[in-house]
Amino acid sequence: MKTTHTTHFRSATAMKNIPDASVNLVVTSPPYPMIAMWDEALSGNDPAIKKALEENRGMDAFEFMHRHLDTIWDEVARVVTPSGFVAINMGDATRSIGGEFAIYPNHSRITMAMIAKGFTPLPEILWHKVSTSPNKFMGSGMLPAGAYITQEHEYILIFRNGGKRVFKNGPEKERRKASAIFWEERNRWYSDTWSDIHGIRQETGDKSIRQRSAAYPLELPLRLILMYSAQGDTVLDPFSGTGTTMQAAMVTGRHSVSYETEEGLAPLACERAHRAPELSHQICRDRFEGHQRFVKERLASGKTMKHTHSTWNLPVITAQEREMVLPLALAVTGDIVQFTAEHAPFTPETPIPRRTPDPESEKKEGTKRPGQMSLFD
Ligand SMILES: C[S@@+](CC[C@H](N)C(=O)[O-])C[C@H]1O[C@@H](n2cnc3c(N)ncnc32)[C@H](O)[C@@H]1O
């Protein structure tokens, strides 16, 4: 199987290259309104935002910034298939404007906007960002009553475009079966609180780009793609940044389309693409070995497992897991305009694929050690 991964360096306000009703899943993290680093990106050509901020009208600026995002949600509504999903990672913003401290509830505003566009809101995920830095106290410290709650979580808002997805008999149903996840993964991932995914350090040499990239950890789009789409589906990220969603789509056997205004992020996205084969092997192996450990512990505790996977000779809890395939990305070719990934089913005997050489990033990277990577970077 082959998948394609296209990136357009232009604004997602007009995603003309994407036909109507052609995207199965959107996974994204937009610039956060009222977080100062995004003021410029969200002001676009709208002087009203700058004026509102200058005149200390925080809630007006907040609303105007969301109206800009609304134009992109309109495009999202146009391109998502009936029964397709949208997963939006978003944090609320705290900010003092003209000496007045307030929370700007981005997640509520986006939820209402998506409902207005006809999406059905589904239970959301609270991403408790594990942080190694000490708690940041805001306000009057130890003295009541002027201290403020520290924001330690973000949201992953989930929407569906209409009713439940129906898979047709034949190849579509087969794809769905192949895309099953392990029972024990289901138990961990379909929880309304994720506390096991760390936020990440930014990773580019250019300070201004570093500050704007705000990449999320690979594990986040990876899980969402495995939870809400099938192999061979198309995933869109209208705010692709360093290409984390594209990389997650490559390692899970989905097509992807990305939009991004900052061309300076292209080398980082290319680097991600070329690392996909190695990463995908690591991810398949982690999932497979994780399941082996789960089986061992379960059987050791005296519990039984009724079913066996159809090719791995490995017990599974449910019949739904019997036909699951872990899709390995064997190779990635092409460039940032369009990459092609070649996939094959993972087997425990699969040899580790070599990193696809990318002459440009090789030159920049110098002496990076093979295998120097982490699933959570
Ligand atoms: C929070 S970052 C996304 C980071 C991304 N999830 C990653 O892991 O690298 C938001 C991105 O949206 C981009 N952006 C802002 N306005 C945009 C627009 N109108 N169309 C497309 N991209 C935009 C910014 O340049 C930034 O890279």
With label points set 7 Å from each Cα along the Cα-to-Cβ direction at Ser195 and Glu289, the distance between them in nm comes to 2.6
Summed over the other residues with a beta carbon less than 13 angstrom from that of Lys306, with K and R at +1 and D and E at -1, the charge totals +2
Count the net charge of all other residues whose Cβ sits under 14 Å from the Cβ of Arg176, scoring Lys and Arg as +1 and Asp and Glu as -1. +3
Arg322 to Ser140: extension gain in nm, 0.36 nm per residue of separation minus the Cα-Cα distance? 59.8 nm
Sequence ranges 304-314, 213-223, 244-254, ranked by mean other-Cβ count within 10 angstrom, highest first: 244-254, 213-223, 304-314
Arranged by the count of other C-beta atoms within 10 angstrom, fewest first, what order do His128, His66 take? His128, His66
Which length gain, in nm to one decimal place, applies between Ala21 and Val166 when the Cα-Cα distance is subtracted from 0.36 nm times their residue separation? 50.7 nm
In the neighbourhood of Ser83 defined by beta carbon distances under 12 Å, the net charge of the other residues (Lys, Arg +1; Asp, Glu -1) is +2
Can you give me the C-alpha center-to-center distance between the range 308-351 and the range 42-87, rounded to a whole angstrom? 38
Once you have the Cα-Cα distance between Met37 and Lys306, take 0.36 nm times their residue separation minus that, and quote the gain in nm to one decimal. 91.5 nm
Residues whose modelled amide H sits under 5 Å from the amide H of Leu330, counting only those 5 or more places away in sequence or on another chain, are Glu342, His343, Ala344
What FRET efficiency, computed as 1/(1 + (r/R0)^6) with R0 = 22 Å and r the Cβ-Cβ distance, is obtained for Ile103 and Thr71, rounded to the nearest 0.05? 0.35
Once the Cβ-Cβ distance between Thr150 and Asn56 is put in as r, and R0 is 22 Å, what FRET efficiency do you end up with, to the nearest 0.05? 0.35
Using mean Cβ contacts within 10 Å as the protection proxy, how do 141-153, 157-169, 173-185 order, highest first? 173-185, 157-169, 141-153
Can you run phi through the Karplus equation (6.51, -1.76, 1.60; θ = phi - 60°) for the range 236-242 and list ³J(HN,Hα) in whole Hz, with x for Gly and Pro? 10, 10, x, 10, 7, x, 7
Computed FRET efficiency, Cβ-Cβ of Ile115 and Arg298, R0 41 Å: what is it to the nearest 0.05? 0.50
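Every number here is computed from the coordinates shown, using simple stated rules; none is lab data. The structure displayed is predicted, hence computed values, not measured ones. A quick note on method: Cβ atoms are made from the backbone with ideal geometry, for glycine too, and the neighbour counts reach across all protein chains shown.
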